[in-house]
Amino acid sequence: MAMKFPVCNKCVKSGSFCDSCKHLSRKGYSKEEIETYKKIHKSIKDMKHLGDVEIKRVLSNNNFAVIFCKKNDISKIIGKNGIVAKKIEKSISKKIIVAPYDSNIVDFSKEILRPINIIGVNVVYHGEKSKYIVRIPSSDKNIIKIDPDFFKHLADEIMKVDVDINFE
Ligand SMILES: [Zn+2]
């Protein structure tokens with residue numbers, strides 16, 4: 001059994017959308033994301049114990065790729081002593097962060113912003129719209145790895161929410 005991706009095996013092997021999967025490009029999946037699936041698949045296809053792992057999304061910027069999966073699969077994608085994560089990082093030439101796909105905004109923020117200590121997450125309403133404010137101590141400003149704009153993009157794509165990071 002092969003590791004599962006949101007696109008079919010043909011797409012994962014070719015690194016581009018097939019006719020049956022190309023509708024996903026309208027749902028925010030980019031060609032770059034499919035290319036990343038291909039690289040991930042190639043780097044770990046010989047690791048049979050990862051066969052039941054399901055990758056839900058992989059969103060990247062220049063430095064990081066955030067791999068979203070089921071909570072139970074996180075430790076498998078990282079591997080013992082980070083061996084699997086290192087293989088993936090080598091193949092995509094980026095650092096990876098592995099985060100839960102089905103989560104709440106607090107856990108989502110904690111995992112992605114690790115090792116930052118989140119003070120709290122508040123919600124503010126503007127009429128019909130709501131926005132989450134992720135509160136971080138100013139003293140952690142220098143250890144934040146993820147660019148706040150990229151974090152906003154991740155929250156928008158995965159959690160379908162609007163967020164702001166607030167240093168205080
Ligand atoms: Zn396909």
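Taken together, the values in this text are just the output of simple stated rules run on the coordinates, not laboratory data. Note that the coordinates shown come from a computational prediction; the quantities given were computed from them, not determined experimentally. So basically every Cβ, Gly included, is an ideal-geometry build from the backbone, and we count neighbours across all protein chains shown.
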Subject >> Relative pair counts by distance (%), Cα atoms of the range 1-124, 10 Å bins >> reply: 13, 44, 33, 10, 1
Subject >> For the range 127-144, 3J(HN,Hα) per residue [Karplus equation, 6.51 cos²θ - 1.76 cosθ + 1.60, θ = phi - 60°, Hz, x = Gly/Pro] >> reply: x, 6, 8, 10, 9, 9, 10, 8, 9, 10, x, 4, 5, 8, 4, 7, 9, 5
Subject >> Candidates LYS87, LYS71, LYS141: whichever shows maximal mean-square fluctuation once the chain is modelled as a Gaussian network with Cα springs under 10 Å >> reply: LYS141
Original post:
Which value in nm describes the separation of the simple spin-label points at ILE83 and SER20, placed 7 Å from the Cα toward the beta carbon?
Top reply: 3.4
Original post:
In square nanometres, what is one fourth of the surface area of the convex hull spanned by the alpha carbons of the range 83-168?
Top reply: 6.4
Subject >> Amide hydrogen neighbours beyond the local backbone of ASP164, cut-off 5 Å, H modeled >> reply: TYR132, ILE133, VAL134
Original post:
Within the range 15-42, whose backbone N sits under 17 Å from a point 7 Å along Cα→Cβ of ASP147?
Top reply: 32-33
**OP:** Go ahead and collect, in residue order, the members of the range 111-131 whose backbone nitrogen is under 19 Å from a label point 7 Å along the Cα-Cβ direction of ASP162.
**Re:** 121-131
Subject >> Entries of LYS71/LYS160; LYS22/LYS42; LYS31/LYS76 with Cα pairs more than 24 Å apart >> reply: LYS31/LYS76
**OP:** For a footprinting-style exposure proxy, rank LYS48, LYS56 by other Cβ within 10 Å, fewest first.
**Re:** LYS48, LYS56
Original post:
Can you pull out the GluC sites (Glu not before Pro) in the range 54-133 that DSSP calls coil and that have at most 12 other Cβ atoms within 10 Å?
Top reply: GLU128
Original post:
Separation of the range 9-66 and the range 79-121 by C-alpha centroid, Å?
Top reply: 17
Subject >> Which of PHE5, PHE150 has the fewest Cβ neighbours within 10 Å, and the rest in rising order >> reply: PHE150, PHE5
